[in-house]
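To start, the structure itself, in structure tokens.
The values are calculated or read from the model by the stated rules, or taken from the named source; none is laboratory data. Treat the numbers as computed from the prediction; the structure is a model and nothing was measured. Glycine gets a Cβ as well: all are built from the backbone with ideal geometry, and neighbour counts include every protein chain shown.
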């Protein structure tokens, strides 16, 4: 909203400089975002909040200024007062008074359409408006001065030279001033002549009935329309104008005659017109909203901590046009009834009055204070463990990603979702948006992986080959009936390329499935969960044979593995990409593993390594569980050493080396004692699994 | 000169002759391996010249042949030659050894400016870093961190927040809706309602989270972003407490000299309402940094951060809280904006592109 400093001074006696004015307006909530010189004038760029349509004019801003310095608005008497009233009451007929609360019309005859004088052009240009012709410029000028949108018709183009205000009929059309033909319906208010719509009420006039160079007789409309209806019409027609902007926020219904008179006076003066008949149809009289306050000073103190005497409160409120009702004392001596002025649509409750008092008394006068203590601070239950998990992943070289919660529908198919997220019995399992601002992205993600893989691709496009990313965020799934969708927090990883060293460009070992698994184990371990395991399992988006379920205890919480060729091809990945996704909310919901101290060994142990040649389908897990099956108490630990495949072994074989540790709590074991035990374990494992020891 | 003395003289001359190539040895720039070979030769020479079967050792036997009155003088002569030989070799050996150890040090000298050996460290997202810092400050001030639904009903997203049907914020061009008619929350204020319903009052909570608005992505807008919402409701809470709390938080965040400014504003869910600014962390509110216009605050000295106010009585009522007994304040702001200001990020779309070149700049 642009406001001219010189124009303001026409309306108010003020000694405030340009800078002081900007500063004071900002202080009371009319944020001056910039001051721009224009000739000998200065223009304020004011950012108005949506509750203050009364300040969408110079008069409105002047009113705020008047409160600040307790100065006085200039009272402009109009010479048009006393000009003839219409004899013919049929000039204006309001059929739908629920949508048109007041309508005034002024006839002006012998008007000469032409250019506006320079002072008028300058004023309009200062606030960024373009001059068109004298009558159009005057209506525009008065709107910016007094806040009242108005419209001028060519009287001679109105059938029967009269106005009917009614709902449009379905199927009626009108070509508006912007030369677009618009379809009206019976929920829109139209200004009509005897036959047809000549304007969309409060939004835009019709082209056919508008002012042209040949116009001589003008009908000037100044009216008040129902706010919600103008808003709805404007949205429906996708047509927002300066007029609709003001009408839908609310104009001053009591200001119509002043505005009409001001415009009439200017048209007579600048376009040679003669003021003729005037009619004011006012079916829905303004009643000020009443706000009750037992003690405005106390209310101000209670809500803001400011000490403002009742006298000062009332001075501020009065200056803003909020007056104490004459009936106040009669109706209830215990409280005061304030009446809101016709230009304020936002004063309804005592708190609104408090805000008016506080902003003019000054927010800067409110003393800083901390609230009294109450209770102890607390994080979200899983936050601190989540933090450890984040730090752990970062230490392992993972960068934290955040991606959009909505993804492209095309991503749905290939991904195996974490267990129990989606209700398979539903016809519509997912949450979908009606539309999006990013093309195609209407699915509320049921998996984080598409976002992460998109990020992997973006980084690869920037010549980065070695990438480790993780994200913690919510995914969504539909629930049956009318229930709100399910929201669940997941952890996802994506990694590809080789190991990186800080500060060194040469890469190390290529990453593989065990890096993904290791990261999950380390991350969960850092959050106090050590009982993480993996079990071979075929997830749809993972490559067969390199795909596993992630378990905590015996609960499956997600999947880890190498991205399948099929999915990799969708992203044009030409190197192996490993991903993992798991239900972190469930993982962290439990208490975490208890730690129980085990006494330190007093005697040294004996370690024996043994390598088995196994078919590839035989897993380490099977070997280790066979070892414990044997049940040798002195065998304290069986651990993985290495795996080997290649030269010296058949194609379908690999060699797995494990280390068995023998130890007694009573004595130092000898080789002779250990040997038969070790042999017994090795024999049983080879027999049970049908495998052989590698020699 | 006696025969014996001549013999000693001969030994000495023979030594000097053999030692000559060591005497003339030029160590400058001599390679380590050469020096080591020379040292080896020198040690062999020492054995030859000073060992049990050396000429000088044999000369000691001559003492018996010398006339008794000359023995003492002769003995001294032999000893002096012996000393000369040993001393000369010692000196040469020290020189060589020093050279060798210096050369070896040089050979093993490391470039300590090479990077330490460690795996590349990953980085937390700047939004996470900031969120955690702010959470820590408010937990220390007795606030509970709340997290809640991202998909909401219109009731929680609008009605309960006193945003009426006709309010511009409610128009569907600003809000995402699911096909079933649920809204993606357009502000974290929804958590005010959920938390008050769940916890009752008095209450002090801080709710960080994702919010969604139908903005086409550009330098300063993304359709998804993060807000942080604070709420404090109790008996006797005033705007003074709001100002005190926000100021305390920003002082802990940006240093004790930080000052705040509250300006009247309008939000449907607060009355009175205020926007809050704080003195620029870069130029300390002067508007000038390194004699140029300060960037984060655009030279104004103030950074506009968020919205705040006293919780609207309708909001309290919709949570079953009596506004004549309780009052409260709420404030909220966007984390992306704060992050962008702090790190001088010119395009907030970077926050969700996950370009590692972006992510690795934060820790």
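Report whether or not residue A:11 is away from every other protein chain (no Cβ under 14 Å) and touching a strand residue (DSSP E or B) at 6+ places or on another chain (Cβ under 7 Å).
The answer is yes for residue A:11.
Would you point out which residue out of B:273, B:291, B:265, B:279 is farther than 20 Å from residue B:337 by Cα and in contact with a strand residue (DSSP E or B) (Cβ under 8 Å, 6 or more places away or on another chain)?
One residue alone meets the criteria, B:273.
Of the residues B:133, B:65, B:117, which single one is within 30 Å of residue A:389 (Cα to Cα), surrounded by fewer than 17 Cβ atoms within 10 Å (Cβ to Cβ) and in contact (Cβ under 8 Å) with a residue 60 or more places away in the chain?
Of the residues listed, the single one that is within 30 Å of residue A:389 (Cα to Cα), surrounded by fewer than 17 Cβ atoms within 10 Å (Cβ to Cβ) and in contact (Cβ under 8 Å) with a residue 60 or more places away in the chain is B:133.
In contact with a helix residue (DSSP H, G or I) (Cβ under 9 Å, 6 or more places away or on another chain) and either over 30 Å from residue B:333 (Cβ atoms) or within 14 Å of chain A (Cβ to nearest Cβ) (or both): is that true of residue B:110 in this structure?
Answer is no for this residue.
Tally time: how many residues in segment A:405-421 are touching a helix residue (DSSP H, G or I) at 6+ places or on another chain (Cβ under 9 Å), crowded, with 22+ Cβ neighbours inside 10 Å and either free of Cβ contacts under 8 Å to residues at least 40 places away in the same chain or within 29 Å of residue B:249 (Cβ to Cβ) (or both)?
Result for segment A:405-421: 1.
Filter segment B:248-269 for residues that are closer than 18 Å to residue A:367 by Cα and part of a strand (DSSP E or B) and give the result.
B:260, B:261, B:262, B:263, B:264
Right, residue A:337: under 31 Å from the mean Cα position of the chain (by Cα), farther than 21 Å from residue A:525 by Cα and more than 9 Å from every other protein chain (Cβ to nearest Cβ) or not?
No; evaluated as a whole, the condition is false for this residue.
With the requirement that a residue be in a loop (DSSP other than H, G, I, E, B) and either over 37 Å from the mean Cα position of the chain (by Cα) or over 17 Å from residue A:2 (Cα atoms) (or both), what does segment A:120-157 give you?
Hits for segment A:120-157 are A:131, A:132, A:133, A:150.
Please enumerate the residues belonging to segment A:556-593 that are closer than 17 Å to residue A:533 by Cα, at pLDDT below 95 and outside any helix (DSSP H, G or I).
Result: A:590, A:592, A:593.
Out of segment A:449-490, which residues are more than 8 Å from every other protein chain (Cβ to nearest Cβ), part of a loop (DSSP other than H, G, I, E, B) and surrounded by 18 or more Cβ atoms within 10 Å (Cβ to Cβ)?
Selection gives A:466 alone.
Just the residues that are more than 13 Å from residue B:212 (Cβ to Cβ) and surrounded by 12 or more Cβ atoms within 10 Å (Cβ to Cβ), please, taken from segment B:171-185.
Within segment B:171-185, B:171, B:179, B:180 qualify.
What number of residues in segment A:429-446 are touching a residue at least 12 places away in the same chain (Cβ under 8 Å), more than 8 Å from chain B (Cβ to nearest Cβ) and surrounded by fewer than 23 Cβ atoms within 10 Å (Cβ to Cβ)?
Final tally of qualifying residues: 6.
So, in segment A:361-372, how many residues would count as being at negative phi and either more than 9 Å from every other protein chain (Cβ to nearest Cβ) or touching a strand residue (DSSP E or B) at 6+ places or on another chain (Cβ under 9 Å) (or both)?
Qualifying residue count for the region: 8.
Go through segment A:622-639 and give me each residue that's more than 18 Å from residue A:693 (Cβ to Cβ) and touching a strand residue (DSSP E or B) at 6+ places or on another chain (Cβ under 8 Å).
A:628, A:634, A:636, A:637 - these are the residues of segment A:622-639 that are more than 18 Å from residue A:693 (Cβ to Cβ) and touching a strand residue (DSSP E or B) at 6+ places or on another chain (Cβ under 8 Å).
State yes or no: is residue B:156 out of contact with any helix residue (DSSP H, G or I) (no Cβ under 8 Å at 6 or more places or on another chain) and surrounded by 14 or more Cβ atoms within 10 Å (Cβ to Cβ)?
No, not satisfied.
Could you pull out the residue among B:244, B:236, B:332 that is modelled with pLDDT of 95 or more, closer than 29 Å to residue A:356 by Cβ and crowded, with 21+ Cβ neighbours inside 10 Å?
Within the list B:244, B:236, B:332, the selection yields B:332.
Inside segment A:393-419, can you point out the residues that are over 30 Å from residue B:363 (Cβ atoms) and not in a loop (DSSP other than H, G, I, E, B)?
Answer for segment A:393-419, where residues must be over 30 Å from residue B:363 (Cβ atoms) and not in a loop (DSSP other than H, G, I, E, B): A:409, A:410, A:411.
Residues are listed down the side, and each one gets a yes or a no for (1) in a strand (DSSP E or B); (2) more than 12 Å from chain A (Cβ to nearest Cβ); (3) on the phi < 0 side of the Ramachandran plot:
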residue: B:232; (1), (2), (3): yes, no, yes
residue: B:240; (1), (2), (3): no, no, yes
residue: B:271; (1), (2), (3): yes, no, yes
residue: B:283; (1), (2), (3): no, yes, yes
residue: B:309; (1), (2), (3): yes, no, no
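Testing residue B:298 on (1) at pLDDT below 95; (2) more than 12 Å from chain A (Cβ to nearest Cβ), one condition comes back false. Which one is that?
With respect to (1) at pLDDT below 95; (2) more than 12 Å from chain A (Cβ to nearest Cβ), residue B:298 is out only on (2).
May I ask you to verify whether residue B:148 is more than 7 Å from every other protein chain (Cβ to nearest Cβ), modelled with pLDDT of 95 or more and either out of contact with any helix residue (DSSP H, G or I) (no Cβ under 6 Å at 6 or more places or on another chain) or surrounded by 18 or more Cβ atoms within 10 Å (Cβ to Cβ) (or both)?
No; evaluated as a whole, the condition is false for this residue.
Quick one: how many residues across segment B:311-329 are in a loop (DSSP other than H, G, I, E, B) and surrounded by fewer than 18 Cβ atoms within 10 Å (Cβ to Cβ)?
4
Only one of (1) over 54 Å from the mean Cα position of the chain (by Cα); (2) within 30 Å of residue A:503 (Cα to Cα) is not met by residue B:46, so which one is it?
(2)
Under the condition of being farther than 17 Å from residue B:263 by Cα and without any contact (Cβ under 8 Å) to a residue 40 or more places away in the chain, which residue from segment A:20-40 is farthest from the other protein chains (Cβ to nearest Cβ)?
Filtering segment A:20-40 for residues that are farther than 17 Å from residue B:263 by Cα and without any contact (Cβ under 8 Å) to a residue 40 or more places away in the chain, the one farthest from the other protein chains (Cβ to nearest Cβ) comes out as A:40.
Scan segment B:154-170 residue by residue and report those that are outside any helix (DSSP H, G or I) and facing another protein chain (nearest Cβ under 7 Å).
If the condition is that a residue be outside any helix (DSSP H, G or I) and facing another protein chain (nearest Cβ under 7 Å), then B:166 is the only one that fits.
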